[in-house]
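Just below is one structure, and these are the notes that go with it.
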Amino acid sequence: MEKSGANPVLLALDKKRYPPTIISMKKIINVFAVSFALFVSQSAMATVIIFDDFTGTDGTLVRNTTPDPGTGNSWSGSPGYTITGNAVHSATTGSGHFVAMDMGAGYFVDNPDVYEISADLFLSSTMNTPTDFFSVGFTAGNNTSAGANRTHLSTNHATLTGSPSIALRGNGQVAVKVSQAETAYISSTGDYAAGSTYNVRVVLDTTLTNWSVAAFVDNTQLDLNGVASGLLYEYTTNPTIRYASISSGIDSTDSAGSYLDNFQLQTIPEPSTLVLSFLSLLGFVAVRRKRLA
Ligand SMILES: [Ca+2]
Ligand SMILES: [Ca+2]
């Protein structure tokens with residue numbers, strides 16, 4: 001054991017270096033007040049539009065169900081997804097499936113905001129190919145066929161490829177598509193190995209003239225614009241979208257152990273709004289301190 005003076009916690013409490021007037025209770029309370037108020041304001045400003053943790057009877061088709069216990073209309077799409085073990089599983093019919101929540105034509109244009117789609121994804125370790133995947137994203141269309149073609153990753157489906165979307169692939173890759181033709185990000189094979197749960201998020205800002213996209217895996221932001229500075233992808237032509245979608249390409253051997261859970265579409269505070277509320281909080285704390293002094 002080092003002598004106690006080397007311990008940073010004890011150092012912080014060393015009243016010779018940090019006299020009581022500096023580490024005052026008032027200061028500590030103020031720091032907590034700012035952190036707490038900022039946390040509350042962020043939570044208050046995020047609005048959940050769809051949330052589904054799929055607490056349904058095993059074997060129930062996801063199609064035509066309403067989110068349980070959350071919010072939203074009802075899922076439409078292919079009969080290829082069932083609720084099993086309180087999560088979305090791929091049925092054995094066909095390999096590709098699709099369900100979507102219809103937000104209505106023009107919704108994301110008429111209600112400019114910062115939209116985030118997120119979900120927890122788990123792929124069975126029997127998966128090993130890039131064409132096996134689960135993905136979530138914003139799409140222009142929906143697919144009602146039982147064996148819907150592999151979408152989101154496909155170059156064959158202009159209206160079903162996510163604009164944008166994020167996919168976890170069977171070979172351990174994460175891919176972010178911003179249109180049928182363009183993949184903004186793709187990780188190395190094996191970076192996100194099967195057998196773990198990954199929280200994926202794709203964020204679309206429709207308040208801007210040129211919409212921007214951010215993407216995250218387990219709170220790590222992905223670099224969507226390559227060597228250019230920053231991490232955001234920016235559209236030169238904004239996509240036409242109306243659905244919040246789930247899609248996959250999972251064959252029957254891999255379907256049992258692979259699932260999607262906790263689907264959510266929410267609006268989140270714009271960075272500029274956050275800065276403003278932080279500044280106003282600082283002002284509030286300053287006034288409060290003046291009064292207390
Ligand atoms: Ca669940
Ligand atoms: Ca970059």
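Residue by residue, region 57-69 carries 3J(HN,Hα) couplings of 6, 4, x, 5, 5, 5, 4, 6, 8, 9, x, 10, x Hz when phi is fed to the Karplus relation 6.51 cos²θ - 1.76 cosθ + 1.60 (θ = phi - 60°); x denotes Gly or Pro.
A cut-off of 5 Å between modelled amide H atoms, ignoring neighbours fewer than 5 places along the same chain, links Asp68 with Asp53, Phe54, Thr55. Each of Phe98, Thr66, Leu208 was scored by the projection of its Cα onto the charge dipole of region 47-268, and the greatest displacement toward the positive side belongs to Phe98; charges sit on the C-beta of Lys, Arg, Asp and Glu. Model label sites at Glu234 and Thr93, defined 7 Å from Cα along the beta-carbon direction, differ in position by 4.6 nm. Overall, region 47-268 carries a charge dipole of about 420 debye about its Cα centre when +1 sits on the Cβ of Lys and Arg and -1 on the Cβ of Asp and Glu, all other atoms neutral. A simple spin-label model places the labels of Gln221 and Thr57 4.6 nm from each other, with each point 7 Å out along Cα-to-Cβ. Could you give the distance between the Cα centres of region 165-188 and region 111-135, to the whole Å? So the two Cα centres are separated by 9 Å.
Summing charges over neighbours of Gly106, with a neighbour being any other residue whose Cβ is under 15 Å away from its Cβ, gives -2 when K and R count +1 and D and E count -1. Modelled spin-label separation between Asp68 and Asn199, with each label point placed 7 Å from Cα along the Cα-to-Cβ direction: 2.5 nm.
Every number here is computed from the coordinates shown, using simple stated rules; none is lab data. Not measured: the values here are computed from a predicted model. With ideal geometry, Cβ positions are generated from the backbone for all residues, glycine too; neighbour counts draw on all protein chains shown.
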